[in-house]
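In what follows, a single structure is set out as structure tokens and then discussed.
The values are calculated or read from the model by the stated rules, or taken from the named source; none is laboratory data. All values derive from a computational prediction rather than experimental measurement. Here Cβ is always computed from backbone atoms with ideal geometry, including for glycine, and neighbour counts include all displayed protein chains. Side chains included, ligands, DNA and RNA excluded: accessible areas come from the protein's heavy atoms. Shrake-Rupley method; radii C 1.70, N 1.55, O 1.52, S 1.80 Å.
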Amino acid sequence: MAPSKDPHKPRNYELVPGVMRYSRSKMRQKTAKYKFAKKGQKTTKAAVQKPNRMITKDIDGEKNGKTRTVRINRMPRFYPTEDRPRKLKSCKKPFSQHKQRLRPSITTGTILILVAGRHKGKRVVFLKQLASGLLLVTGPYHINGCPLRRINSIYVIATKTKLDISGVSVPERVNDAYFKRKNLKRPKQAEGEIFEQKVEEYSASEERKEDQVIVDKQVLDVIRNHEEKKFLFGYLGAMFSLGKTQFPHKMVF
């Protein structure tokens, strides 16, 4: 048999997806592993102790056999008439248990460009990372209309422009539970008032408005004390966009 043209190609490879060139028994014969195995040596697996499903109970009476084996957990007496969906076991962890790491380019005070969501295209100031791993950002609202929001780090572009916000303090109550979505209540139908009913609409709470003013006031003071404050006000207020011949992976932000 002529040697393979590709020296790095393995001896056993897939002919089509799921079908190998040689079977396991053929590969065992080709590699001659049976020659190196010691005779009479058997691999022993650790015995797995299964939980007991049955238990032995003492029974009173001379003609009852004295003991009886019964189940620890009884079987259901009735079965459901329809199949109910059940959750399958998964080895995947939920997002809250993932290890959250920040990119080296994202630090406190970095100006980020949002590329998704309701405020995409706006430039915002990064304040801190929350416990869930999401980024807490603000416009500020006075400049570009972006309020305090959470956003995933995969939906932002980090720029080299940074602000020194070490003196900015964010209220402690601003956390993941703070941004939890509220369920809007639907009004109950009444006779003669079908078309007069109005669906409850979302509106920012007084608590959130107060926190927005506190945070934005501190961030705006940092921008006003900066050497290039005119540039920063225009930079944060302008929308980000790309032309036909502009590619983000070839640009430096």
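Within the stretch 94-112, being at pLDDT 85 or above and basic (K, R) holds for R101, R103. Among the criteria (1) modelled with pLDDT of 85 or more; (2) small (G, A, S); (3) open to solvent by 60 Å² or more (accessible area, probe 1.4 Å), the one S203 does not fulfil is (1). Please indicate, with yes or no, whether at least one residue in the stretch 79-102 is free of Cβ contacts under 8 Å to residues at least 60 places away in the same chain, under 28 Å from M251 (Cβ atoms) and not basic (K, R). Among the residues of the stretch 79-102, at least one is free of Cβ contacts under 8 Å to residues at least 60 places away in the same chain, under 28 Å from M251 (Cβ atoms) and not basic (K, R), which makes the answer yes.
Taken together, the criteria place R149 among residues that are under 19 Å from F179 (Cα atoms), open to solvent by 30 Å² or more (accessible area, probe 1.4 Å) and within 18 Å of the chain's Cα centre (by Cα). Contact annotation: residue pairs with Cβ atoms under 6 Å, 6 or more positions apart or on different chains, pairing a residue in the stretch 213-234 that is in contact (Cβ under 8 Å) with a residue 40 or more places away in the chain and among the acidic types (D, E) with a partner that is surrounded by 13 or more Cβ atoms within 10 Å (Cβ to Cβ) and in a helix (DSSP H, G or I), are D216/Y141; D216/H142.
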